[in-house]
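What follows is a set of notes on a single structure, which appears directly below.
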Amino acid sequence: MSYNTFGHMFRVTTWGESHGPAIGCVVDGCPPRLSLSEADIQPWLDRRRPGQSKFTTQRQEADRVEILSGVFEGQTTGTPISLVIHNTDQRSRDYGDIAGRYRPGHADVTYDRKYGIRDYRGGGRSSARETAMRVAAGAVARKVLGQGIRIRAALVQVGAHKVERARWDWDLVSRNPLFCPDPVALVQWEDLLADVRKAGSSIGAVIEVVAEGVPPGLGAPIYGKLDSDLAMALMSINAVKGVEIGEGFAAAALTGEENADPMRMRDDMLEFASNHAGGILGGISTGQPVVARFAVKPTSSILTPVPSVTRSGENVDVMTKGRHDPCVGIRAVPVGEAMMACVLADHLLRHRGQVGS
Ligand SMILES: Cc1cc2nc3c(=O)[nH]c(=O)nc-3n(C[C@H](O)[C@H](O)[C@H](O)COP(=O)(O)O)c2cc1C
């Protein structure tokens, strides 16, 4: 049994723990003769790296990726691509006091109950450190997808505060550490996050991921639907508690007329007048942008003591010290993009395998 692998033809396996010597992944199924070097992967990792602003954890990890296999003379060879990042900031002493206590909202209690053993240093395998390898794999996936498919994500809500879509500016997203597309919301969020951090508290967020240039036809009935694979991939990110495609939960409040995406032919091309479906019908891409959103819970590590229990069954109150993000939704933005890239790369190869290009 293996639960550390996802994808069918573009297959990603991650390994490693937060405070082990290294984390890594194996990307199997990548087509040969794609140009690939560390320089193609590193910029994506740099966007997820901690310690880049006062709004994310001050844990300092360089997250330098190294390609160990699957690339020869700058090109993929069609064999497994192994990527590794050495952990450089393993301060186990920050976590020693929670070795025998279960942190509320973390996976400590469930890992222990399931396996009877857990690496308590920084959450071990349940730590979001693992998501660095998803981002690395996502960079390889982007190579498979090519320049024609563009995947971008933005933070669209922090706590109860949403962006105003009329002010959406993609250029702004790449110029601010919160990945915010709205200049007004950005200022509001900065103040809010400063207060949350000062209070030793945390706050949740919603991220929107958009893939443009996706050709029609990716995804398959019935258990190979593009939307169900996307939901699985996004839901598998740490702290994610909800996933929506297109109109998502809001579709329940619409009428059929409001939710319809009217079609017309223009210059021999099929055109949709709207995209409530989020670019997917019947589990298959329509050719419109694929739009997904995911909700991230507030960081569980907070300075307020919360009732919990110890491994040996005593009642205690747990306050989590250490270096934590007040809003883990921020660093989840590049992770969401990477998961979208991996799912699309997998479906592109699956589509070619079944239908041809
Ligand atoms: C990028 C990222 C960074 C995270 N950093 C932290 C953190 O510093 N502190 C914390 O309590 N949780 C953090 N989390 C969330 C935990 O990893 C997650 O809540 C925990 O493993 C339990 O899993 P679950 O919330 O999915 O049930 C982070 C999540 C992401 C996506």
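Here are the numbers:
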item: Matching residues in region 71-89 - criterion: being assigned to a strand (DSSP E or B) and touching a residue at least 24 places away in the same chain (Cβ under 8 Å); result: VAL71, GLN75, THR76, ILE81, SER82, LEU83, VAL84, ILE85, HIS86
item: Failed item, numbered, when ALA332 is tested on (1) closer than 22 Å to ASP46 by Cβ; (2) among the aliphatic types (A, V, I, L, M); (3) at pLDDT below 95; result: (3)
item: Check on VAL210, in a helix (DSSP H, G or I) and modelled with pLDDT of 95 or more; result: no
item: Qualifying residue in region 244-263 (condition: among the acidic types (Asp, Glu), assigned to a strand (DSSP E or B) and within 30 Å of ARG11 (Cα to Cα)); result: yes
item: Positions within region 27-50 being surrounded by 14 or more Cβ atoms within 10 Å (Cβ to Cβ) and either among the polar types (S, T, N, Q) or outside any helix (DSSP H, G or I) (or both), in sequence order; result: VAL27, ASP28, GLY29, CYS30, PRO31, LEU34, LEU36, GLN42, ARG49, PRO50
item: Residues (in contact with a helix residue (DSSP H, G or I) (Cβ under 7 Å, 6 or more places away or on another chain) and surrounded by fewer than 22 Cβ atoms within 10 Å (Cβ to Cβ)) located in region 271-298; result: HIS276, GLY283, ILE284
item: Hey, THR286 under 30 Å from THR110 (Cβ atoms) and of a type in the set (S, T, N, Q) or not; result: no
item: Test result for VAL309, aliphatic (A, V, I, L, M), in contact with a strand residue (DSSP E or B) (Cβ under 7 Å, 6 or more places away or on another chain) and within 16 Å of the ligand (Cβ to nearest atom); result: no
item: Pair list, Cβ < 6 Å and 6+ apart or interchain, from region 228-243 residues that are without any contact (Cβ under 8 Å) to a residue 60 or more places away in the chain to residues that are more than 13 Å from the ligand (Cβ to nearest atom); result: VAL243/ALA231
item: Residue tally, condition over 25 Å from GLY287 (Cβ atoms) and of a type in the set (Val, Ile, Thr), over region 136-191; result: 4
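The values are calculated or read from the model by the stated rules, or taken from the named source; none is laboratory data. The structure presented is a predicted model; accordingly, all values stated were derived computationally and were not measured. Here the Cβ is made from the backbone with ideal geometry for all residues, glycine too, and neighbour counts use every protein chain on show.
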